[in-house]
Amino acid sequence: MPDPEVVAEEADIEKMNDYQLEHRETFSIVQTQFSVVSAAEKDRLKAMISDYLSFRDDITAFLSDYFGDVCTRKCYESRLSACCSREGIIAFFADMAVNVLVSPDEEISLLLAVLRKPNTGFKCIYLGEKGCMWRIKPIVCEMFLCDTAEAEVFGKRPEGRALWEELKKHKQQYLWPDRPVLFDMLEQYFIDAGHSSPLMYFHNSPGLLRVKRSGK
């Protein structure tokens, strides 16, 4: 007699679209790999991403100071924002690796559970009642600002635009692979461990591969 839990899981998978399947597969890969590494190795990886996490703290502080009220009012409460549109986010493999590394297992289990449900709305599947369900959300999401919000905020506080441009420039230190960068190194770490994911853009994207070759 078939296992009811297996049957239920297979039924859930059949309802999932490619976007959800890719994300679920990648989260599972990362969670599985981190479950078998030693505590010392996990500490080494956390040290490896510490500078990036500090950068993310800087972004959070900037957005809270300059855009907190504006984005809450114009985007989240109005439900009109493009920044949390259904399947509109680009998540890198490294986004998921970082998030799993710093998140309790129960938080990742919630993300895996929500990915098993059909997304019948027009918003991102990760958008819960309290906002994004990721502890460290994808960098593309974190650094998305719509033109309307930028015009309103920087029109009143023009000094913020220069700070924002500096943050965007700093982001390239982790994502622009014309030299060794964190997001590329995290993908390579999992490739060396025998894993593969369609979200490994630094090893699959023709555009990013050209950038890597140009830096050699």
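Out of 19, 76, 66, which single residue is touching a Gly at 6+ places or on another chain (Cβ under 6 Å), modelled with pLDDT under 95 and either closer than 17 Å to residue 197 by Cβ or of a type outside the set (D, E, K, R) (or both)?
Every option except 66 fails the conditions.
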| request: Scan the range 124-150 and report the pairs whose first residue is touching a residue at least 24 places away in the same chain (Cβ under 8 Å) and whose second residue is among the acidic types (Asp, Glu) and part of a loop (DSSP other than H, G, I, E, B), with Cβ atoms within less than 9 Å and a gap of 6+ or a chain change. | output: 124/87; 125/87
| field | residue 142 vs. criteria over 27 Å from residue 51 (Cβ atoms) and not polar (S, T, N, Q) | value | no
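Name the helices (runs of 4 or more DSSP H) wholly inside the range 79-157 in which the number of residues that are at pLDDT 85 or above and more than 17 Å from residue 28 (Cβ to Cβ) is 2 or more. Working first, answer last.
On the way: elements: 93-102, 105-115, 139-142, 147-156.
Correct list: 139-142, 147-156.
Examine the range 197-204 for a residue that is assigned to a helix (DSSP H, G or I) and touching a residue at least 40 places away in the same chain (Cβ under 8 Å), and state whether such a residue exists.
Filtering the range 197-204 down to residues assigned to a helix (DSSP H, G or I) leaves 201-204.
Now restrict to residues that are touching a residue at least 40 places away in the same chain (Cβ under 8 Å): 201-202.
Yes, because at least one residue in the range 197-204 is assigned to a helix (DSSP H, G or I) and touching a residue at least 40 places away in the same chain (Cβ under 8 Å).
The values are calculated or read from the model by the stated rules, or taken from the named source; none is laboratory data. Note that the coordinates shown come from a computational prediction; the quantities given were computed from them, not determined experimentally. As a convention, Cβ positions derive from the backbone with ideal geometry for all residues, glycine included, and neighbour counts pool all protein chains shown.
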